[in-house]
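A.B. asks: Can you keep this structure in mind? I'll have questions shortly.
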Amino acid sequence: MAGGGRVTGHTDLVPDATPPLQAASPSPLRIPDFRRLLGSGAAETASDQVVKGVLPVVAVSTLGAGATAVGVINAASMVAFLLVSVPVGVWIDRVSRTRVMTGAALVRAVVVLAVPLLYVADALTVTAIVVVALVIGVADVFFTTSSSALMPGIVPQDRLPDAYARRQSVDTTVAVATPAVAAVLLRVVGGPFTMVLASASYVCSALSLRRIRPAHVPAPAEGAPRFWASLREGFGFTVRQPLVRALVGSGMLLNAAAIFGAAAEVVYALNVLGIDPAVLVATEALGALGGLAASLVAAPVVRRAGIGRTYMVACLVGGLVVLVLPLSPVLGIPPVVAVAVVAGGWSFSVVTAAVAKAGVVPALTPPAMLGRVMSNAQFFTLGVMPVAAVAGGLVADVAGPEVALYIWAGAAVLALVPIALSPMRSWVTPPSPSGTDLLRFP
């Protein structure tokens, strides 16, 4: 996650497929609330691209931070998924999701303004950037979890795949354009003041949400035991169901790989290869383009090659692509080209892997437990990222950024092992949701 356009894994945030579409339901774009949710998500994506892409660059280029500090910043933005995602997943089912999302957007709009204000006051420090990243990360848990739970209350069940695909396309398009805008702002107004754009975009997200009709809110639990029993049930299924466990384990490796090398990538690109900060941020647009290309071609590839083969090849290709960066001086590849290849190639691989496994978790999970299982999956697959971020920064500072980049590549390849050791390696499509044919599935 060196920059805003980089897809860093986050494989369990990609919505899973549902049963085939039925012509009776209207297109999601004809549903006003879906269009509002789409607009909110686009504005939120733009803000996140700016914040997550620029904060590490500001720390290195403005404050002289090293790889360890960048790793801590990246960890701070993700640690909330480790600390609060599981209880938030249960709690979200008991409150108004639109109000939670609105509040999360407004909190982030206020917090990011601290960066330019502290800079003007000559009081901006790495510690302040870490605190900003931490608060943004906590708000992100509430926004992301609520958004996933809100969609089924707006769009008919048979149109959910189409709705998720359209949201992914919009988000990817925004992710392509935002780094270029951020790069221009970096040159014109400087890194700290790009946070003003992020704040304004968060406000737009909140305004779009205000007009959405509140989703159905389940009745509150009668007491703490029901809450904790519900939490334990979802957690137990996630860690005990062998195929879900394989997917979660692979997702942990894939996400840990990317965030482990993120700090080293920034330091290596800026300090070793000598790339201009604005150019580095601009190249991240190619990461989004790689993800967009994958979203267009991955589904046909999965239909021909199958779930398991596509997923495993995507992990392998992702690891090999990362090697381009540390080997670029030896191979004679221009620095900007090397960074662009890694950005686009890694994103293509990660999105392809996400598309390949889409639909598997719902097929393996009882419908009443799906929300809790997905939040628990986030706990593992995203919760590992802050630990990996700090570890990657330390390794880059102690052993050199090249070593951290090689570890990134190796861990990405290892992500295919849990799938290779499971029946999913030969699956062509997800099993029947009923679960009656799981043992016979090819």
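A.B. asks: Relative to 2.2 N^0.38 Å, what does the C-alpha radius of gyration of the stretch 246-315 come to as a ratio? Two decimals please. Before the final figure, lay out the partial values.
C.D. replies: Numbers: Rg = 15.6 Å, N = 70, 2.2 N^0.38 = 11.1 Å.
With N residues counted in the stretch 246-315, Rg over 2.2 N^0.38 Å equals 1.41.
A.B. asks: Just the Kirkwood number for the stretch 388-429, please: inverse of mean 1/r across all distinct Cα pairs, in Å, one decimal. Please report the intermediate quantities before stating the final value.
C.D. replies: Working: mean 1/r = 0.0838 Å⁻¹.
Kirkwood hydrodynamic radius for the stretch 388-429: 11.9 Å.
A.B. asks: So for the stretch 275-362, considering every pair of alpha-carbon atoms, how many percent are separated by more than 15 Å? List each step's numbers first, then the result.
C.D. replies: Values: 2289 of 3828 pairs.
When all Cα pairs of the stretch 275-362 are counted, 60 percent exceed 15 Å.
A.B. asks: Shifting gears a bit: Sort SER146, SER295 from largest to smallest accessible area, using a 1.4 Å probe on the heavy atoms of the protein chains. Can you show the working numbers first?
C.D. replies: Numbers: SER146 0, SER295 40 Å².
Putting SER146, SER295 in descending order of accessible area: SER295, SER146.
A.B. asks: When the solvent-accessible surface of protein heavy atoms is calculated with a 1.4 angstrom probe, in what order do ARG425, ARG167, ARG99 fall, highest first? Please list the in-between numbers first.
C.D. replies: Working: ARG425 115, ARG167 30, ARG99 185 Å².
Accessible-area ranking of ARG425, ARG167, ARG99, largest first: ARG99, ARG425, ARG167.
A.B. asks: Not counting ligands, DNA or RNA, and with a 1.4 Å probe, what is MET252's accessible surface area in Å² rounded to the nearest 10?
C.D. replies: MET252 has an accessible surface of roughly 60 Å² with all protein chains in place.
A.B. asks: Let me check something: with ligands and nucleic acids excluded, how do CYS315, CYS204 order by accessible area (1.4 Å probe), largest to smallest? Before the final figure, lay out the partial values.
C.D. replies: Values: CYS315 0, CYS204 75 Å².
The ordering from most to least exposed comes out as CYS204, CYS315.
A.B. asks: OK, next. The stretch 37-146: which chymotrypsin sites (Phe, Trp or Tyr not before Pro) are DSSP loop and have at most 16 other beta-carbon atoms within 10 angstrom?
C.D. replies: Working: sites: PHE81, TRP91, TYR119, PHE142, PHE143; in loops: none.
Hits after loop and neighbour filter: nothing returned.
A.B. asks: For the stretch 43-107, take the alpha-carbon Rg, divide it by the Kirkwood Rh, and send me Rg/Rh. The partial results should precede the final answer.
C.D. replies: Working: Rg = 15.1 Å, Rh = 13.9 Å.
Expressed as Rg/Rh, it is 1.09.
A.B. asks: In addition: If you project the alpha carbons of the stretch 238-391 onto the principal axes, what extent comes out on each, in Å, largest first?
C.D. replies: Extents along the principal axes: 52, 37, 24 Å.
The values are calculated or read from the model by the stated rules, or taken from the named source; none is laboratory data. These numbers were taken from a predicted model, which means no experiment stands behind them. A quick note on method: Cβ atoms are made from the backbone with ideal geometry, for glycine too, and the neighbour counts reach across all protein chains shown. For the accessible areas, the whole protein counts, side chains as well, though only heavy atoms, and no ligand, DNA or RNA atoms are used. Shrake-Rupley method; radii C 1.70, N 1.55, O 1.52, S 1.80 Å.
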